[in-house]
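Worksheet: the structure to be examined is printed underneath.
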């Protein structure tokens, strides 16, 4: 799937209100976090090559949200966003979110 297709899909399935996911741990849900991130993939400069990061987070075992989220954040934080900004500057999907 292209980034545009994933964004359109996430926009359609990510609710703007309460959601009843099976993996809620108090206030936290891996499903909710991933869908929220994908719903903002253009602003987050997410690319298809990042899919393994999201899939690994989705595989977080029940009761392990905090550890899974910390690893997810670490992996997302390791992306070279300076390079990514330069690579995406001419991509219409991402351009509105890039500083010039």
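Quick look at the numbers
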read-out: Residues of the stretch 44-68 that turn out to be part of a helix (DSSP H, G or I), surrounded by 14 or more Cβ atoms within 10 Å (Cβ to Cβ) and out of contact with any strand residue (DSSP E or B) (no Cβ under 7 Å at 6 or more places or on another chain), as a count; value: 6
read-out: Where residue 33 falls short, out of the listed (1) more than 30 Å from residue 89 (Cβ to Cβ); (2) surrounded by 11 or more Cβ atoms within 10 Å (Cβ to Cβ); value: (1)
read-out: Subset tally (residues that are more than 19 Å from residue 10 (Cβ to Cβ), part of a helix (DSSP H, G or I) and in contact (Cβ under 8 Å) with a residue 12 or more places away in the chain) for the stretch 85-100; value: 1
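FYI, it's all coordinate maths here, none of it is from the lab. Source: prediction; values computed, not measured. Heads up, the Cβs are rebuilt from the backbone with ideal geometry, glycines too, and the neighbour counts pull from every protein chain shown.
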